[in-house]
There are 2 protein chains.
Amino acid sequence: MTIDPGGDRAPEDLTARARIRDAALRIFADRGIDQATIREIAKAAGVSSGLVRHHFGSKEALRDACDAYAVERMNQIRQQIFTEGRSRDQAFMGTVHPVAMLMQRYLARSFLDGSEAAAARFDDMVRLSEQWLTDHGIVPRDLRAYAAVFVVMQMGVFAMPEQVSRAMGADVRTPEGNARMLAAMVDIFAHPLLTPEEAAMSFEALDRFIARSPEGGARNEARPKE
Amino acid sequence: MTIDPGGDRAPEDLTARARIRDAALRIFADRGIDQATIREIAKAAGVSSGLVRHHFGSKEALRDACDAYAVERMNQIRQQIFTEGRSRDQAFMGTVHPVAMLMQRYLARSFLDGSEAAAARFDDMVRLSEQWLTDHGIVPRDLRAYAAVFVVMQMGVFAMPEQVSRAMGADVRTPEGNARMLAAMVDIFAHPLLTPEEAAMSFEALDRFIARSPEGGARNEARPKE
DNA sequence: CGCGGGACTACACACGTGTGTAGTATCTTG
DNA sequence: CAAGATACTACACACGTGTGTAGTCCCGCG
């Protein structure tokens, strides 16, 4: 099953440029950005490889276009869910949207590969997480590290869909499999996994390492790129 | 700072074969397996590229050797920590060991890239997680999905060290930065992030999707490859 | 000493890659 | 209609890759 990043439009109705971008987004998300080839994308879009270059200039520029489009689509979906008054469960329901699923996988790949745009996007997500945590009255020992780890944990789930699918016995790239995976995430975050005693012992041991470092103790220095 | 996968031995004391394997492990973990090149590994090991082939036959075989060595080293470390009677916090303290840090990053890359050995290793970790959860008296709604997601979440942290480091403002590839990151993980798992009401609403919404699928409801079918 | 085998290197090959270029079709617009 | 731009293709180039091959060095052993 292939997901159309454009939504409900039929592929033949799209311009070649849009078809290329959609194919790139999907293949980038599936194979990883470095592994994907221009020719493969062109073939999937039903055009020549030269046309990809004609429209986007380079692979890097094509990736930038995908980044921008992914962010735009995610914002659209967020907006749509929000204005539909589904704010109760927006955080998780948004991710079962087929297009959102694809975008999440694309973004995860983007984080893995690394780029300026990806870094900026990641920092956005960390900021959003910090806000969410603060709004929920959660006050971690180390807010920034907490939020950063929180984000990578969530994205890790979208970064290794094959492993999760095989272990679960259901394809997480389908809405149903994805929903089941998300339900497991909710379950994880709904209950504590460590007893206070276990956590205290781990903290004590880990703090010894952190304190040993000259920089490890500093926690609230200026954010890189605010 | 580069970590020596072999431990405390000086690089010049190792055989060329071991130096190649160590260099491969480190470069695979840093760049990703597909991105790493034989020539780069050879250069890092101080040998010719032909020697890599002479000793390992192919890149895939080199990777297999790294897989086997990573598992072996991880078991050694686990054993060591266990026999030292540090079982209280073994789960997290083991991962601050410099070699263990590297192996975790290697394994994460391995999961991302995908291979038979990686899949088997992942399934091992899922099984271990299921056991750990059961031993801790945690009974999730969907044990297999829960354990699978739990594993990818943890590995996701090791898969995107650059993103976490930048957001945290400290390199998680150092023992201190890693310890700080792990402390954040402990903090996340020590307290619930969702209220029972929030979790219930999310479950209700997600279950609608799961129930819609013919396969989504089945959860305890035979494990693939037990 | 002789010599055989493993460690090791230098070099070449085939291939896939992103990119460049020239040319053709198709659409737009005055 | 004319003509210029735009969409699009086919083909070639330079380069890095994993892999193959021939040859050299060196150590152990009869």
(message) Run the label-point distances for A:Ser115 please: 7 Å along Cα to Cβ, every other copy, nanometres, shortest first.
(response) 2.7
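Express the relative contact order of the stretch B:11-212 as a whole percentage, based on alpha carbon pairs under 8 Å and six or more residues apart in sequence.
Details: 139 pairs, mean separation 33.4, N = 202.
This gives 17 percent for the stretch B:11-212.
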(message) What does the copy distance list look like for A:Gly46, label position 7 Å along Cα→Cβ, in nm and ordered from shortest?
(response) 5.9
(request) With no solvent and one equal point scatterer placed on each C-alpha of the stretch B:11-212, evaluate the Debye formula and give log10 I(q)/I(0) for q = 0.10 Å⁻¹, two decimals. (result) -0.51
(message) From the phi angles alone, apply the Karplus equation (6.51, -1.76, 1.60; θ = phi - 60°) to the stretch B:166-177 and give each ³J(HN,Hα) in whole Hz, x where the residue is Gly or Pro.
(response) 5, 5, 7, x, 8, 6, 6, 8, 8, x, 5, x
(request) Report the closest approach of any chain B C-beta to the axis of the B-to-A rotation: residue and distance, in whole angstrom. (result) B:Gly156, 1
(message) Inside 10 Å of the C-beta atoms of B:119-126, what's the mean count of C-beta atoms belonging to other chains?
(response) 3
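Residues of A:139-147, mean number of Cβ from any other protein chain within 10 Å of their own Cβ, rounded to a whole number? Show your work: numbers first, answer last.
On the way: counts 1, 6, 6, 6, 2, 6, 15, 7, 4.
If you average over the peptide's residues, the count of other-chain Cβ atoms is 6.
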(request) Could you please state how large a percent of the accessible area of the stretch B:11-212 is carbon and sulfur, counting protein chains only and using a 1.4 Å probe? (result) 53
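Can you give the mean number of other chain Cβ atoms that lie within 10 Å of the Cβ atoms in peptide B:108-117?
Working: counts 4, 1, 0, 6, 9, 2, 4, 0, 0, 0.
Partner Cβ neighbours, averaged per residue: 3.
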(request) Show the residues, 5+ positions off or on another chain, whose built amide H is closer than 5 Å to the amide H of B:Arg141. (result) none
(message) So the label point sits 7 Å from Cα along the Cα-to-Cβ vector; using that for A:His136, what distances do you get to the other copies, in nanometres, sorted shortest first?
(response) 1.7
(request) Roll a 1.4 Å probe over the protein heavy atoms and report the accessible area of B:Arg21 in Å², nearest 10. (result) 40
(request) Work out from phi, with θ = phi - 60° and the Karplus expression 6.51 cos²θ - 1.76 cosθ + 1.60, the ³J(HN,Hα) of each residue of the stretch B:50-63, listed in order in whole Hz, and give x for Gly and Pro. (result) x, 5, 4, 5, 4, 7, 10, x, 7, 5, 4, 5, 4, 5
(request) Please name which of B:Ile77, B:Ile41, B:Val151 has its Cα lying farthest along the dipole of the stretch B:15-163 towards the positive end, using unit charges on Cβ (Lys, Arg +1; Asp, Glu -1) and the Cα centre as origin. (result) B:Ile41
(message) If packing is taken as the average number of other Cβ atoms within 10 Å across a peptide's residues, how do A:107-115, B:32-40 rank, most packed first?
(response) A:107-115, B:32-40
(request) Mind grabbing the accessible area of B:His136 for me, 1.4 Å probe, Å², rounded to tens? (result) 70
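The values are calculated or read from the model by the stated rules, or taken from the named source; none is laboratory data. The shown structure was predicted, so the numbers you read here are calculated from the model rather than taken from an experiment. Cβ atoms come from the backbone with ideal geometry, glycine included; neighbour counts cover every protein chain shown. Heavy atoms of the whole protein, side chains included, go into the accessibility calculation; ligands, DNA and RNA do not. Shrake-Rupley method; radii C 1.70, N 1.55, O 1.52, S 1.80 Å.
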